[in-house]
Amino acid sequence: MTTDVADPPAALQVPRTRGGGSTLGRYILIRFLLIFPTVLILVTLVFFLIRLTGDPITAALGGRLPADQLAERIHEAGYDRPIWIQYIEYLGQVFTLNFGTTLTDNQPVVQVIATYGTATLELVVYALVVAFIVGIPLGLVAAALRDRWPDALLRVSAILFYATPVFFAGMVAKLVFGVWLGWLPISGRANVRTELAIGRDGGTGIYLIDAIATGNPAYVQDVLLHAVLPALTLGLLTAGIFLRLVRTNVIGTYNMPYIDAARSRGVGEGRLVRTHAYRPALIPIITVIGLQIALMLGGAVLTETTFEWKGLGFQLAAYLSARDFVAVQGIVAMIAIIVALTNFVVDILAAFIDPRVRY
């Protein structure tokens, strides 16, 4: 009996139709053009929701300045003008990436984003690595052992992963692995000595890269140890989604004709999962990565606050506490732009991988 490899599924075969390139080009163009109304809607929502609290000057400085000085500050900032004029002016600023100046520390919001955004980027990358390492292999295991007790255990674990609040999971992780066992640091991105060493020459703001650049393994180890608990806390949230998604799609491919053909040629169940059912199951993972980036950026606010990870989420929480709504509005608007661009890139990658994704 031979064990020839079956033909790949239709999902992975590029259709040989005339005009396929133009179809892909039209899809990319439409997805690109959709970025602008998406960002416009998100920025508009942020603007008017912030204005429900009143003008930002009164929200941040009300009660701390005399009435005449407060009125003067409001007039200087233009918050006493009609709301629609403020809105049009704000849109013009956003499309030139001018998000204003923070009220509490008088910094350009763009500078705040550039300073603290690298920390959040590093955390999101760590969390995605955890999500892929945990979610995809366990999803394959659950599919291979479907309807058995390991499958049931993994499905329950997946529900717990994405249903547990991030701040609660973070506090439990700190208590168990940091306080009780003493295995891992519970706050910060690195200890003081490491931060001084890697920040001596400016650096990139991404601690792992800066630590590697020093050539000192101790600094690299310290940075990675500080990243373990925040990355696990945020990464397991997405890992649960990946686990269930991979399991569902792998099981779904078992009914495809090419799987039956491979099975009839004597291909074992393990190889069926690893070779034949695995690749098509990854396509939905790619398509939802954009949504997961948005979820992680939202979860980063709570994760960074819980672990005192000095990133954009940590600063956003601080500005919220200070009622600095200029900073909050600018950071949230920038996050909306990042999410829209990420979704665009992911959609294009999905279109190249799966030729069925077209308009």
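The values are calculated or read from the model by the stated rules, or taken from the named source; none is laboratory data. Bear in mind the structure is a predicted one, so any value in this text is a computation, not a measurement. Cβ sites come from the backbone with ideal geometry, for glycine too, and all protein chains shown count toward neighbours. These accessible areas exclude ligands, DNA and RNA; they are computed on the full protein's heavy atoms, side chains included. Shrake-Rupley method; radii C 1.70, N 1.55, O 1.52, S 1.80 Å.
Residues in the stretch 302-311 that are hydrophobic (A, V, I, L, M, F, W, C) and surrounded by 24 or more Cβ atoms within 10 Å (Cβ to Cβ) were compared, and the one that is farthest from the chain's Cα centre (by Cα) is F307. Being over 20 Å from R323 (Cβ atoms), surrounded by 16 or more Cβ atoms within 10 Å (Cβ to Cβ), among the β-branched types (V, I, T) and at pLDDT 75 or above is true of T38. Would you call V166 of a type in the set (V, I, T) and closer than 15 Å to E122 by Cα? Answer is no for this residue. The set of residues in the stretch 96-107 that are surrounded by fewer than 16 Cβ atoms within 10 Å (Cβ to Cβ) and under 17 Å from A322 (Cβ atoms) comprises T104, D105, N106, Q107. Might you let me know whether the stretch 274-289 holds any residue that is crowded, with 19+ Cβ neighbours inside 10 Å, at pLDDT below 90, under 30 Å from T38 (Cα atoms) and within 13 Å of the chain's Cα centre (by Cα)? Checked the stretch 274-289: at least one residue is crowded, with 19+ Cβ neighbours inside 10 Å, at pLDDT below 90, under 30 Å from T38 (Cα atoms) and within 13 Å of the chain's Cα centre (by Cα). For L184, indicate whether it is closer than 29 Å to V246 by Cα and in contact with a helix residue (DSSP H, G or I) (Cβ under 9 Å, 6 or more places away or on another chain). For L184, the condition - closer than 29 Å to V246 by Cα and in contact with a helix residue (DSSP H, G or I) (Cβ under 9 Å, 6 or more places away or on another chain) - is not met. Would you confirm whether any residue within the stretch 292-301 is modelled with pLDDT of 75 or more, open to solvent by less than 40 Å² (accessible area, probe 1.4 Å) and farther than 30 Å from A318 by Cβ? The answer is no, given that none of the residues of the stretch 292-301 is modelled with pLDDT of 75 or more, open to solvent by less than 40 Å² (accessible area, probe 1.4 Å) and farther than 30 Å from A318 by Cβ. Contact annotation: no residue pair with Cβ atoms under 8 Å, 6 or more positions apart or on different chains, pairs a residue in the stretch 83-97 that is under 11 Å from V43 (Cα atoms) with a partner that is of a type in the set (D, E, K, R) and at pLDDT 85 or above.
Considering the stretch 19-114, the qualifying helices (runs of 4 or more DSSP H), each wholly inside and each with 2 or more residues that are polar (S, T, N, Q), run over 20-51, 83-94.
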